[in-house]
Amino acid sequence: MALIVQKYGGTSVGDPDRIRAVADHIARTARAGNQVIVTVSAMGKTTDDLIRLANDVAHDPRGREMDMLLTAGERISIALVSMAVNDLGVPALSFTGSQAGIVTDTEHGNAKIVEIKGDRIKEALDSGNVAVVAGFQGVSTAKEIVTLGRGASDLTAVAMAARFGADACEIYTDVEGVYTADPRIVPNARKQSRITLEEMLEMAATGGRVLALRSVEYARNHGVKIHVRSSFTWAPGTWVEEENPNMEQAIISGVTHDASEAKITIEQVPDQPGVAGKVFRSLADEMVNVDMIVQNVSTAGHTDISFTIPRVDVTRSAPIMDKIVAEIDAAGYQTDDSIARVSLVGAGMKTHPGVAATMFETLANNDINIEMISTSTIRVSCVVRESDVERAVVALHDAFELGV
Ligand code: ADP
Ligand code: ASP
Ligand code: MG
């Protein structure tokens with residue numbers, strides 16, 4: 001008997017018809033003789049709606065109460081999905097993250113899993129039930145209800161698959177798999193039949209939101225093979241797995257983009273040892289995640305330092321930046337939240353020089369100015385104007401002939 005984990009995203013359970021379609025697939029999987037653990041997201045845009053609601057009643061609704069609110073979204077889905085499965089004559093039981101024994105650290109809004117007890121899930125499976133687990137949530141070591149970060153129902157699924165040694169971890173979504181670019185922006189993007197975990201990590205980290213970054217990290221650390229596929233067509237999708245040395249590597253496996261960051265430039269920073277350390281230590285101490293960093297050539301003993309941070313942290317960072325500027329005796333700082341990042345990802349880049357050059361030429365030919373650059377062994381990223389980023393994605397996708 002195989003154990004199969006299936007995760008259904010928000011659009012996949014967005015209305016009663018969708019829930020019945022998903023329940024039908026779950027029931028078929030169970031009737032075929034498999035044990036099934038299901039993880040679901042909140043219906044449609046419920047999480048966004050709840051966040052808006054919270055912001056309508058409070059200025060800074062963070063932490064405990066926010067998590068209490070947001071976990072309600074997934075709670076609705078697990079109950080409805082279980083009811084619909086039961087209705088088809090297949091026994092199913094719903095569980096909150098806490099009931100499933102997903103134990104985390106105490107960081108509200110972004111808690112990390114420390115342990116999965118899972119006794120009740122095991123009991124449910126052993127007694128012939130489908131177990132329907134609320135995605136994106138857990139209970140902290142301080143016994144508080146927490147969420148695991150946006151998009152983290154993917155993580156719940158992967159963590160369940162790891163905990164129970166599942167034979168398959170299927171992530172059902174509203175596209176047929178991982179494409180060479182977001183199919184909503186590049187209509188001729190190609191579905192990949194497989195992609196390496198390493199490539200998927202870089203794609204998820206640079207805006208390819210089809211899988212949440214943490215779920216891919218967890219899959220790599222626990223050896224979980226993921227199958228991303230559609231809950232609309234049920235066609236075979238994309239396998240995300242360890243690199244297979246026998247397979248030829250595509251030079252580029254995807255173009256991603258991300259408009260969730262802002263650029264901060266500190267002007268006229270004294271060019272002395274220790275200054276960069278002070279700047280980034282102060283931000284790290286306040287848990288602001290710095291991403292790309294560029295320091296310009298110094299003129300007359302001064303230099304500019306630019307870096308990117310999540311846009312959602314800009315307001316929170318302002319007092320920290322004021323303090324830093326005074327402390328290091330810089331001239332001031334500017335915040336620019338109209339930037340976006342476009343990235344090329346591909347394992348074959350390691351052995352094919354010239355990818356970065358073609359990328360820069362392509363952007364130049366399209367009159368798109370590059371403001372910052374960063375690279376890893378299998379990725380090149382450029383910061384451009386946000387208004388140019390979709391054009392950049394399409395142009396790069398064309399230039400590297402990734403389309404169908
Ligand atoms: P779910 O609610 O199922 O978790 P998400 O909205 O989180 O779904 O992720 C699926 C979406 O990811 C797709 O609708 C698509 O627009 C977007 N996406 C971005 N980049 C890619 C890509 N490279 N391949 C496939 N989908 C992508
Ligand atoms: N509902 C949560 C979110 O929107 C988790 C998820 O969908 O994976 O972020
Ligand atoms: Mg998602």
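Every number here is computed from the coordinates shown, using simple stated rules; none is lab data. Predicted model only: the values in this text are computed from it and were never measured. Counting neighbours? That spans all protein chains shown, and the Cβs are built from the backbone with ideal geometry, glycine included.
Check whether at least one residue in the range 327-349 is out of contact with any Gly (no Cβ under 7 Å at 6 or more places or on another chain), of a type in the set (Phe, Trp, Tyr) and under 21 Å from Ala262 (Cβ atoms), and report yes or no.
Within the range 327-349 (the criterion being out of contact with any Gly (no Cβ under 7 Å at 6 or more places or on another chain), of a type in the set (Phe, Trp, Tyr) and under 21 Å from Ala262 (Cβ atoms)), the answer is yes, since at least one residue qualifies.
Can you name the residue in the range 164-197 that is among the acidic types (Asp, Glu) and buried (at least 18 other Cβ atoms within 10 Å of the Cβ) and is also farthest from ligand 1 (Cβ to nearest atom) among such residues?
Selected residue: Glu170.
Within the range 227-265, can you find the residues that are over 30 Å from Ser317 (Cα atoms), free of Cβ contacts under 8 Å to residues at least 60 places away in the same chain and hydroxyl-bearing (Ser, Thr, Tyr)?
Result: Ser230, Thr233.
Please work out which one of (1) under 33 Å from the mean Cα position of the chain (by Cα); (2) closer than 15 Å to Lys278 by Cα; (3) surrounded by 14 or more Cβ atoms within 10 Å (Cβ to Cβ) is the condition Ile328 fails and give its number.
(1)
I need the full set of residues from the range 167-189 which are polar (S, T, N, Q), farther than 21 Å from Glu241 by Cβ and either within 13 Å of ligand 3 (Cβ to nearest atom) or part of a helix (DSSP H, G or I) (or both), in order please.
Result: no residue meets the conditions.
Report, by residue number, each residue of the range 225-263 that is part of a loop (DSSP other than H, G, I, E, B), under 30 Å from Ser338 (Cα atoms) and either within 16 Å of ligand 2 (Cβ to nearest atom) or in contact with a Leu (Cβ under 6 Å, 6 or more places away or on another chain) (or both).
Those that are part of a loop (DSSP other than H, G, I, E, B), under 30 Å from Ser338 (Cα atoms) and either within 16 Å of ligand 2 (Cβ to nearest atom) or in contact with a Leu (Cβ under 6 Å, 6 or more places away or on another chain) (or both): Ile252, Ser260.
Any residue at all in the range 119-136 that is closer than 26 Å to Pro61 by Cβ and small (Gly, Ala, Ser)?
Within the range 119-136 (the criterion being closer than 26 Å to Pro61 by Cβ and small (Gly, Ala, Ser)), the answer is yes, since at least one residue qualifies.
I'm trying to understand the selection: among the residues of the range 66-80, which are away from ligand 3 (no atom under 16 Å from the Cβ) and touching a helix residue (DSSP H, G or I) at 6+ places or on another chain (Cβ under 8 Å)?
Across the range 66-80, the qualifying residues are Met66, Leu69, Ala72, Ile76, Leu80.
Among the residues of the range 291-312, which ones are among the hydrophobic types (A, V, I, L, M, F, W, C) and not in a loop (DSSP other than H, G, I, E, B)?
Answer for the range 291-312, where residues must be among the hydrophobic types (A, V, I, L, M, F, W, C) and not in a loop (DSSP other than H, G, I, E, B): Ile293, Val294, Ile305, Phe307, Ile309, Val312.
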